[in-house]
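Chemist: Take this structure first; my questions come after.
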Amino acid sequence: MSNKSVVITGASRGIGLSFASLYLNRGYHVYAACRQASEELTSLGVTVIEGIDVTEDSGINRLAEALNGVSIDLLINNAGILRDEVLGDIDKDSVRRQFETNALAPLAVTEALKGQFSANAKLALITSRMGSVADNTSGGRYGYRMSKAALNIAGVSLAHDLKPHGVAVALLHPGLVGTEMIGGYGDITPDQAAARLAQRIDELTLDNSGTFWHSNGDILPW
């Protein structure tokens, strides 16, 4: 069993909930951050930190206060939103909200908690291949694609900036996962995605920090 700690954002459902269960079973002390806890999350018996809106300074401050004194071995920035915009009917507020949640929030959470990383800590950013420029063969999804591309470049900068502190960074695409966010359809379940992503995190080192991985182990193009 491990005595390590993991902090997971967006932990009330989907991949975040699966991460919480997986790392609990590995013996980690799990700190599960969310806006509102689900019954499924509460029933796990992990440390739930509710009322955390990662797009608000007050939410990030609340998270930092709840984690005061905790040595963080793994931070998984998992919280994200998906909206749909089509050319000719672009909702700028929708795009803006996706930037705030998908790109700015993970950076802000990491900045707020970086002083609490343990030696050899790891940072996982749950991104998407939809943030890949080379992989965009279908267009659309402006806000989601733009926000995930922004998260990807932030992740590379974090990998450079955190390396001197011994912190390795992974940018991880889960695959097409059957979560509520995408209407429940997908190629794999949240539990399968979390297991594959955890394997990528296990393989993360300072030498491969800043890499953009598919959960199946493939390296994705920028």
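Chemist: For the list (1) in a loop (DSSP other than H, G, I, E, B); (2) over 24 Å from Ala170 (Cα atoms); (3) of a type in the set (A, V, I, L, M, F, W, C), I need the number of the one condition that Ala11 fails.
Modeler: (2)
Chemist: Sticking with this structure for a sec: If I filter region 189-222 down to residues being closer than 16 Å to Asp135 by Cβ and not polar (S, T, N, Q), which single residue comes out as surrounded by the most Cβ atoms within 10 Å (Cβ to Cβ)?
Modeler: Selected residue: Trp213.
Chemist: Taking region 162-185 on its own, how many of its residues are within 17 Å of Phe212 (Cα to Cα) and either within 14 Å of the chain's Cα centre (by Cα) or at pLDDT 95 or above (or both)?
Modeler: Number satisfying all stated conditions: 11.
Chemist: Same structure, new question: Listed residues Glu85, Glu111, Glu65, Glu100; which is exposed (fewer than 15 other Cβ atoms within 10 Å of the Cβ), of a type in the set (Asp, Glu) and within 21 Å of Asn152 (Cα to Cα)?
Modeler: The match here is Glu111.
Chemist: Could you check, for region 60-81, whether at least one of its residues is more than 19 Å from the chain's Cα centre (by Cα), under 17 Å from Tyr144 (Cα atoms) and touching a residue at least 40 places away in the same chain (Cβ under 8 Å)?
Modeler: No - not one qualifying residue is present in region 60-81.
The values are calculated or read from the model by the stated rules, or taken from the named source; none is laboratory data. Everything numeric here is computed off the predicted structure, so don't read it as measured data. Cβ: placed from backbone, ideal geometry, glycine included. Neighbour counts: every protein chain shown.
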